[in-house]
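What follows is one structure encoded as structure tokens, with my remarks underneath.
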DNA sequence: TTGTAAGCGTTATCAT
DNA sequence: ATGATAACGCTTACAA
């Protein structure tokens, strides 16, 4: 087992080229005071040795931070976050910044470990989609020093910082109002866990508000929760097979919606209206296609990255919050009428037959 | 605009605590030769100042590399890669290593930029899911020095290195043979772009082999390509509405399969059999549910991470390739018979009627 | 138990 | 135009 060989350094290049390390440095950084001839020779040695500068050492000397922007997300497998990352990427590219991503697995302790790891590596900026039940007071000192720290999708807890979020309350309210406008009065709510999660709270508020505005009494039996898609599928089955089932479901996030879709498809129920929060791949491939409130995930990332860049440029003004609207995309599932006409609240008995009697959407 | 304040250093803590920087260092690293009293006092100052060690400086002195494992993938939004990342994570966690991910956007130039950025930052190991049409000769020197570099899903080009791949050829052959076993003789192929992409080549080979073994003549008109899901949907529509359309489709990757599903759902065709390469979320939510060849994506990541760790531990043996089998998951779509019985090759004329005549799968 | 000096690989300063 | 030297923040070796 040969020991790991180390990379060549400035010193190695200098020795090989017969010059001082400073001359090598000059050649590499296009500094003016060096003869073209020397530069050429040095660069040739650089090439030959496969020399690459050690960024860590460079940053240390320069006192400055690394030109890497760190993004910490709860779950790599959730396309929502991938899209946010793409938004961030699009902004920082062209600023000679590299995006690195870490996943907290929706656990506050791992999130903190990751954020700290990036801070300790002198990242230029840190963008965080916080995990549920976290506490960000530990970042106060860094914030005070002017470190660009921006939160995305969910605001920080016990910390004031820049933040880019969707107008969850307004969007949820609009989505539920949409169902009400189509005649539904028994509307189920499928939400995240934990219940205290910011987005779930806001969306639930929107749900309650829409109900109230529609003169509909809130029924806690129509509320269910889950975490993974399969949980939501099970919850959906439970909801629609219970006494006095809902005629419509409002799914408060993408996994909830996918779970509901799965359950409805598997049980062959095409009579239950459905509106989901967050668009998702294949939403248009179902029968009927799924109506969603699409968050502008890309722009969420863009807005966050822009705030970070502004901080990086020296802006020490007070923390800002950017709120982005969501867009209702009616595709079919959210426009289904309740089974027995606009005024009936109970669709259980006739639902199945009704579904097969209606012409199928192509 | 106040200038960005810098983090406190060992020196700051030392001054504040009235000790030397070495004493502070001892207190921080739990070194033995320090009085409990001094340690307590130092740690208190550390706490008070919010001091955090500069990892870059530490690593530089220690000569060692950073304890970060870098993973470069072509597309953050593809759940396939997210799952690979999860596999890597599961291995390196517990080795005090942090996973950082970068996305090449399926572009070789960006991939190289990212890989180089991580190398220049002294990453402990680099895992690469290469973009199409890349060239990895530039990594030869690093490999020679013993840098752990592992390729995932697709092998390196013009470079010999550790590699973890799925047995694409065997799996594709099995999938197509499965369709043939169910009576199909006109089987479409939906493949990646570019055509030269390793996985697409291997899977296409498997397709051709299975056809040959089934005594079926290859028909180039049954082959279509695409990149995004919508492309594949369009390609699918073109395939099934052409003269002498296929009675079954083999989709050579997850987006291809999702595209085919979308197209078949939108056009209400439930008579075309479908087998997809790669499992995907919601594959079980369609009617019929989608039969797939599931790659063990998680284990792909695990295998790659294990090779990297072994290199990190000093193993300088020759490059290895780990090949993992895929698993056929029959869910329904791959078991549909051809329209007019096992021997008919042409399903166009009667397909639609046939579909509505068959009982719908629940 | 504690402190001093050297060094990691860079870049900046100042000679030459 | 080029080079010696200090400095960045830390750890290792050695001295006190």
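In region B:131-152, which residues are closer than 19 Å to residue B:102 by Cβ, outside any helix (DSSP H, G or I) and out of contact with any strand residue (DSSP E or B) (no Cβ under 6 Å at 6 or more places or on another chain)?
Applying the first criterion (closer than 19 Å to residue B:102 by Cβ) to region B:131-152 yields B:131-136, B:138-139, B:142, B:147-152.
Narrowing the set further to residues that are outside any helix (DSSP H, G or I) leaves B:131-136, B:147-152.
Within region B:131-152, B:131, B:132, B:133, B:134, B:135, B:136, B:147 qualify.
Looking at region B:89-104 only, could you name the residues that are in contact (Cβ under 8 Å) with a residue 12 or more places away in the chain and either closer than 15 Å to residue A:105 by Cβ or more than 8 Å from every other protein chain (Cβ to nearest Cβ) (or both)?
Going residue by residue through region B:89-104, those that are in contact (Cβ under 8 Å) with a residue 12 or more places away in the chain are B:89-92, B:95-104.
Listed by number, the residues that qualify are B:89, B:90, B:91, B:92, B:95, B:96, B:97, B:98, B:99, B:100, B:101, B:104.
Here are the criteria: (1) over 30 Å from residue A:86 (Cβ atoms); (2) more than 13 Å from DNA strand C (Cβ to nearest atom); (3) assigned to a helix (DSSP H, G or I). Tell me which single one residue B:40 does not satisfy.
Condition (2) is where residue B:40 drops out.
Enumerate the pairs (first residue in region A:303-328 and free of Cβ contacts under 8 Å to residues at least 40 places away in the same chain; second residue anywhere and assigned to a strand (DSSP E or B)) with beta-carbon separation below 6 Å, excluding pairs fewer than 6 apart on the same chain, so at least 6 apart or on different chains.
Partner pairs satisfying both residue conditions: A:327/A:294.
Going through region A:39-57 one residue at a time, which ones are surrounded by fewer than 16 Cβ atoms within 10 Å (Cβ to Cβ) and either more than 14 Å from residue A:12 (Cα to Cα) or modelled with pLDDT under 90 (or both)?
Across region A:39-57, the qualifying residue is only A:40.
Looking only at residues in region B:1-20 that are loosely packed, with under 15 Cβ neighbours inside 10 Å and farther than 26 Å from residue A:143 by Cα, which one is nearest to DNA strand D (Cβ to nearest atom)?
Selected residue: B:20.
Mind listing whichever residues of region A:309-332 are in contact with a helix residue (DSSP H, G or I) (Cβ under 8 Å, 6 or more places away or on another chain) and within 14 Å of chain B (Cβ to nearest Cβ)?
A:309, A:331
Select from region B:164-185 the residues that are more than 17 Å from residue B:204 (Cβ to Cβ), touching a helix residue (DSSP H, G or I) at 6+ places or on another chain (Cβ under 8 Å) and surrounded by fewer than 24 Cβ atoms within 10 Å (Cβ to Cβ) and list them in ascending order. I'd like the intermediate steps shown before the answer.
Keep residues of region B:164-185 that are more than 17 Å from residue B:204 (Cβ to Cβ), which gives B:164, B:181-185.
Adding the requirement that they be touching a helix residue (DSSP H, G or I) at 6+ places or on another chain (Cβ under 8 Å) leaves B:164, B:182.
Listed by number, the list holds a single entry, B:182.
Among the residues of region B:52-88, how many are within 14 Å of residue B:124 (Cα to Cα), part of a helix (DSSP H, G or I) and more than 7 Å from chain A (Cβ to nearest Cβ)?
2
Restricting to region B:1-37, give me the number of residues that are assigned to a loop (DSSP other than H, G, I, E, B) and within 14 Å of chain A (Cβ to nearest Cβ).
Residues of region B:1-37 that are assigned to a loop (DSSP other than H, G, I, E, B), as a first pass: B:1-9, B:18-20, B:29-35.
With the extra rule that they be within 14 Å of chain A (Cβ to nearest Cβ), the set shrinks to B:1-9.
Summing the residues that are assigned to a loop (DSSP other than H, G, I, E, B) and within 14 Å of chain A (Cβ to nearest Cβ) in region B:1-37 gives 9.
Which residues, taken from region A:28-68, are within 9 Å of DNA strand D (Cβ to nearest atom) and touching a residue at least 40 places away in the same chain (Cβ under 8 Å)?
A:59
Looking at region B:1-20, which of its residues are at pLDDT 90 or above and under 23 Å from residue A:118 (Cβ atoms)?
B:8, B:9, B:10, B:12, B:13
State yes or no: is residue B:308 crowded, with 22+ Cβ neighbours inside 10 Å, assigned to a helix (DSSP H, G or I) and in contact with a strand residue (DSSP E or B) (Cβ under 9 Å, 6 or more places away or on another chain)? Give the steps one after another, and end with the answer.
Details: crowded, with 22+ Cβ neighbours inside 10 Å: yes; assigned to a helix (DSSP H, G or I): yes; in contact with a strand residue (DSSP E or B) (Cβ under 9 Å, 6 or more places away or on another chain): yes.
Spelling it out, residue B:308 is indeed crowded, with 22+ Cβ neighbours inside 10 Å, assigned to a helix (DSSP H, G or I) and in contact with a strand residue (DSSP E or B) (Cβ under 9 Å, 6 or more places away or on another chain).
In region A:105-138, how many are within 11 Å of another protein chain (Cβ to nearest Cβ) and at positive phi?
2
Would region B:186-206 turn up any residue that is over 20 Å from the mean Cα position of the chain (by Cα), part of a helix (DSSP H, G or I) and at pLDDT 95 or above?
Looking for residues that are over 20 Å from the mean Cα position of the chain (by Cα), part of a helix (DSSP H, G or I) and at pLDDT 95 or above, one finds at least one in region B:186-206, hence yes.
Answer yes or no as to whether residue A:29 is near DNA strand C (Cβ under 8 Å from one of its atoms), modelled with pLDDT of 90 or more and either farther than 26 Å from residue B:53 by Cα or surrounded by 13 or more Cβ atoms within 10 Å (Cβ to Cβ) (or both). Before the answer, list the steps.
Numbers: near DNA strand C (Cβ under 8 Å from one of its atoms): yes; modelled with pLDDT of 90 or more: no; either farther than 26 Å from residue B:53 by Cα or surrounded by 13 or more Cβ atoms within 10 Å (Cβ to Cβ) (or both): yes.
In short, no.
The values are calculated or read from the model by the stated rules, or taken from the named source; none is laboratory data. Quantities reported herein were computed from a predicted structural model and do not represent experimental measurements. Ideal geometry is used to build each Cβ from the backbone, glycine not excepted, and the neighbour counts take in all protein chains shown.
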